[in-house]
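Each reported figure results from applying straightforward, stated rules to the coordinates on display, with no laboratory input. Treat the numbers as computed from the prediction; the structure is a model and nothing was measured. Every residue, glycine as well, gets a Cβ built from its backbone with ideal geometry; the counts of neighbours run over all protein chains shown.
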Amino acid sequence: MTETNHHAVLTGLLGVAERVMELTSYLMVPAAVPEIAPELGFSEQQEPTRPGLYRDRDGDIWQRNEVGWRLCVQQGVALDVASIWNWMDGHVREYAPFTPLAVN
């Protein structure tokens, strides 16, 4: 590998590491919004409506926006967030309950 390629790879890795740290920091600060009650089951009514970051029952981080859901961090690994999931058709509801995460 040339020195330029090494620089590009290291720069890319540092960018990913920064994003992982940013998302991980959301796990440390619980939001003031209460958890969605797990005893309600996985119904469509349980879908969070506010845009933002959420932690699912497995501890993975999702982003909710007007388009749908994006899985950002799974098992501590940052993911490509290009894929958009739907609550029902994308089966996001199967990962409920979701806990809103506070944004620093």
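Miscellaneous remarks
- Filtering the range 61-79 to residues that are surrounded by fewer than 12 Cβ atoms within 10 Å (Cβ to Cβ) and hydrophobic (A, V, I, L, M, F, W, C) leaves V67, V77.
- Of all residues making up the range 62-93, the number that are more than 21 Å from R19 (Cα to Cα) and either outside any loop (DSSP other than H, G, I, E, B) or of a type in the set (D, E) (or both): 4
- Filtering the range 94-104 to residues that are outside any loop (DSSP other than H, G, I, E, B) and more than 17 Å from R19 (Cβ to Cβ) leaves E94, Y95, T99, P100.
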